[in-house]
Every structure is written in structure tokens, then in C-alpha cells.
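Coordinate-derived values only; no laboratory data. Bear in mind the structure is a predicted one, so any value in this text is a computation, not a measurement. Cβ placement follows ideal geometry from the backbone for every residue including glycine, while neighbour counts extend to all protein chains displayed.
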């Protein structure tokens, strides 16, 4: 199962977005403070292929939603992230997140001071268990479930944001990563969500929420690899894996 070749063809487009449906299961307290948006990416300059034209476009608050609407994520990859929640004067909680994606399945492992939690999302279901469990809880899952399991926001939400709430948007470099940067204000509050989407992968590489002069949430990607070589990571705690993955020949 190879990584999708992502094509970046940016033109003026009309964006129609269906109302999002919130996940029907609870997440740990950390997720209640996660910003409401994520972004995938755009490569610039984009690799050109025969008979394919790519039109560069300036990313601004006026154009960024149209750009985001053209983006897609890799089909097969793995990555690691650090997610941090800040509170009070010096309080903070760090979580190490590992995730694996392949052919519509997403496995997430979140390690924190309270233990290790595993989530497997696919075929409209979320399966949840902890280290040491031999059984799991299974609940319905919508299109946001995989991102929420990673404690990160979902980029399609940017498309529904009021254009006036998008205060900044541009191409930037952070570290060694070329990114699309987007800043979105949360309603009438002083909270601002900031997103850095790496153009080489189409994934959210960094994000943070700032309230006034204080950062209350942050995420940083620390490792990335594609494509995913094997599917044994999708094993359930009893040693089995969903039958549809087995039928694909994984594990």
C-alpha cells in the first residue's frame, strides 16, 4: 500500500463544506482544550510531471481556505508527536503520541503520566484499550476520530471558519520545515489557534493555542516516515486484528 502521490493544483475554487458531526465518544480532559482546527499541506514549488501544470498561489487570509480545500493527506505513514497542555503558573502535562496510518486505518498510542492508551480507528469504529488489557471498548467513530485520538485538531474545520477570524496566513519556514502558517481567532475571545502545515508531507507539523500572552496547548511533530512497511501495529490486545486488515495481507 503505497503513499498517495499528492498533487497540488491551486486555482480559485468555491468551497462547500458539510456541517461536521462531533465524535460520539468522550476523550481525556486534555482534548477539551485542543484547538478546533488542523491543516494538511501544499508543496511549493510542487514537483512537476509531464502533462501536468501546477499554478502557484499566494497564501493569504483571503486565499488560504481555497488552498486547504485542495489538499490531501498521505495514505500510508507513521509519525511521532509531543503534545503539551499548560495550566496555572508552571503546570504542564506532556504526552508522547505515536501513530500509524494505512489504507484508512489509524492506530494511536498515547503515553502520559497516567499510563499508555491505545486507539484503533477504521471502518467507522474506534477501539480503545490500555496497556495490560486483553479486551477493548468499541464505539462508533466519525471522520474526526483519528485526529482526536492523536490529541490534534482536524484541518477541514478551517474551511468552516469565518474568513474574518483568519488573522494571518502565509508560507513560512519553521526549523527545517517549509510550512503553510495559519492563525485563527476563537470567536470574541483573546484565544488564538496557530497552525504550521508542512508542505512536504501535507500534515500538521506544529500547532498551538495562545490565550493572551500564555500558551495553553502545543503540538510538535518529532518524527515522520512513509510509507508504512507493515500492518502488525494494528493488532488488538488479544493478538488479533480486524478481519479486513488480515484480508489485505498485513501482519
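Brief remarks on what is shown
- Each label point was placed 7 Å from the Cα along the Cα-to-Cβ direction; for residue 160 and residue 173 their separation is 3.7 nm.
- At q = 0.10, 0.13, 0.14 Å⁻¹ the log10 of I(q)/I(0) for segment 29-247 amounts to -0.47, -0.79, -0.91, computed by Debye summation with a single uniform scatterer per C-alpha, solvent ignored.
- Over segment 181-225, the reciprocal of the mean inverse Cα-Cα separation, the Kirkwood hydrodynamic radius, stands at 11.3 Å.
- Summarising the label geometry, the points placed 7 Å from Cα in the beta-carbon direction at residue 225 and residue 62 lie 4.5 nm from one another.
- Residue 200 versus residue 123: modelled label distance in nm, points set 7 Å from Cα along the beta carbon direction: 3.6 nm
- Scoring 63-74, 105-116, 142-153 by mean Cβ neighbours within 10 Å over their residues and listing the highest first yields 142-153, 63-74, 105-116.
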